[in-house]
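Student: Dumping the structure here so I can ask a few things about it.
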Amino acid sequence: SHLIDHPNIGLATCRLQSTFDFQHAIVVDRPIDICFVSLQTKETGYLLPLYLFHEDGTRTVNFDPSEFAKLTEFLDIKPTPEDLFDYIYGVLHSPSYREKYKEFLKIDFPRIPIPTQAEFDRLVPLGRELRELHLMRSPVMDDYQTTFPISGDCLVEKIRYADGKVWINKTQYFGNVPELAWNFYIGGYQPAQKWLKDRKGRQLSDSDLVHYQRIIKILLETDRIMKEIG
């Protein structure tokens, strides 16, 4: 209900990972189903909204006050809720964090390290970049290098990947798709593959063709930013 009638964002994540390494963190701005992050039955999905909206019309930040105080005690200036969300989002996309706490992330919710001011200042802009990309609000997503060069009925039939091309039928394909994007995981899914599989038997519209190429760009940018986070 906190994401239906009000502008809001939330963190979709899992409490444990039974079959995958941790890549189970994605920002959303609308309600989701329980399998949004993973289909695995043991990997129960949760949606943690940034703000809570109350019947009297008020809005509160969805942080436990004592935990908020711990997380921000070494900062010079009290951060905005969005800044703290972006810091958390940046941490959860850190390859070194995911590797260092790999075993802990298999059995419980992610724990967030208390930052120094320098760490906070470095990670907030990177987390914000990821948030804007994953909500498909970033203008960067329109600077894609993929192509869809062959005209036709755009019917999604047999999907396959070969030599940088994602074929949707015998004659049509998305070109210049790096293998990294094709195989990239978010949660238990590979978005570049799942999006097309979900549309098998359907014709892609012009907006669908653009949307898919934006997805590829977003996945590539996500990988780039994750490496910068380090």
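Listed here are the residues, each with its yes/no results for (1) assigned to a helix (DSSP H, G or I); (2) out of contact with any Cys (no Cβ under 7 Å at 6 or more places or on another chain); (3) closer than 15 Å to Glu132 by Cβ.
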position	(1), (2), (3)
Ala192	yes, yes, no
Trp195	yes, yes, no
Lys200	no, yes, no
Ser207	yes, yes, no
His211	yes, yes, no
Ile218	yes, yes, yes
Asp223	yes, yes, no
Lys227	yes, yes, no
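Student: Still on this structure: Can you go through Lys217, Lys170, Lys197 and tell me which one is without any contact (Cβ under 8 Å) to a residue 24 or more places away in the chain and not β-branched (Val, Ile, Thr)?
Tutor: Step by step, each of Lys217, Lys170, Lys197 is checked, and only Lys170 is without any contact (Cβ under 8 Å) to a residue 24 or more places away in the chain and not β-branched (Val, Ile, Thr).
Student: Here is a follow-up. Conditions first: (1) out of contact with any Asp or Glu (no Cβ under 9 Å at 6 or more places or on another chain); (2) outside any loop (DSSP other than H, G, I, E, B); (3) open to solvent by less than 30 Å² (accessible area, probe 1.4 Å); (4) under 26 Å from Phe22 (Cβ atoms). Val166 passes all but one, so which condition is the exception?
Tutor: The number of the failed condition is (4).
Student: Okay, next question. I'm trying to understand the selection: among the residues of region 59-94, which are part of a helix (DSSP H, G or I) and acidic (Asp, Glu)?
Tutor: Within region 59-94, Glu67, Glu82, Asp83, Asp86 qualify.
Student: Hey, another quick one. Evaluate the following for Leu105: is it under 11 Å from Phe22 (Cβ atoms), touching a residue at least 60 places away in the same chain (Cβ under 8 Å) and surrounded by 15 or more Cβ atoms within 10 Å (Cβ to Cβ)?
Tutor: Spelling it out, Leu105 is indeed under 11 Å from Phe22 (Cβ atoms), touching a residue at least 60 places away in the same chain (Cβ under 8 Å) and surrounded by 15 or more Cβ atoms within 10 Å (Cβ to Cβ).
Student: Scan (1) part of a loop (DSSP other than H, G, I, E, B); (2) over 16 Å from the mean Cα position of the chain (by Cα) for the single condition Glu119 breaks and write down its number.
Tutor: Unmet condition: (1).
Student: Does Asp143 meet the test of being closer than 23 Å to Gly45 by Cβ and under 21 Å from the mean Cα position of the chain (by Cα)?
Tutor: In short, no.
Student: Could I ask something else about it? Within region 153-161, does at least one residue satisfy the condition of being in contact with a helix residue (DSSP H, G or I) (Cβ under 8 Å, 6 or more places away or on another chain) and open to solvent by 80 Å² or more (accessible area, probe 1.4 Å)?
Tutor: No, that holds for no residue.
One line per residue, one yes/no per condition, for (1) closer than 26 Å to Asp64 by Cβ; (2) part of a loop (DSSP other than H, G, I, E, B); (3) of a type outside the set (Lys, Arg):
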{"position": "Ser96", "(1), (2), (3)": "no, no, yes"}
{"position": "Ile112", "(1), (2), (3)": "yes, yes, yes"}
{"position": "Gln145", "(1), (2), (3)": "no, yes, yes"}
{"position": "Lys170", "(1), (2), (3)": "no, yes, no"}
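Student: Taking region 2-58 as the region of interest, how many residues are assigned to a loop (DSSP other than H, G, I, E, B), at pLDDT 85 or above and among the polar types (S, T, N, Q)?
Tutor: Residues flagged as assigned to a loop (DSSP other than H, G, I, E, B), at pLDDT 85 or above and among the polar types (S, T, N, Q) within region 2-58 amount to 3.
Student: Counting just the residues of region 50-92 that are without any contact (Cβ under 8 Å) to a residue 12 or more places away in the chain and among the aliphatic types (A, V, I, L, M), which one comes out surrounded by the fewest Cβ atoms within 10 Å (Cβ to Cβ)?
Tutor: The residue in question is Ile77.
Student: If you scan region 116-145, which residues turn out to be aromatic (Phe, Trp, Tyr) and either at pLDDT below 95 or open to solvent by less than 20 Å² (accessible area, probe 1.4 Å) (or both)?
Tutor: Phe120
The values are calculated or read from the model by the stated rules, or taken from the named source; none is laboratory data. What you see is a predicted model, and the numbers here were worked out from it, not measured in a lab. Cβ atoms come from the backbone with ideal geometry, glycine included; neighbour counts cover every protein chain shown. These area figures cover heavy atoms from the full protein model, side chains too; ligands, DNA and RNA do not enter into them. Shrake-Rupley method; radii C 1.70, N 1.55, O 1.52, S 1.80 Å.
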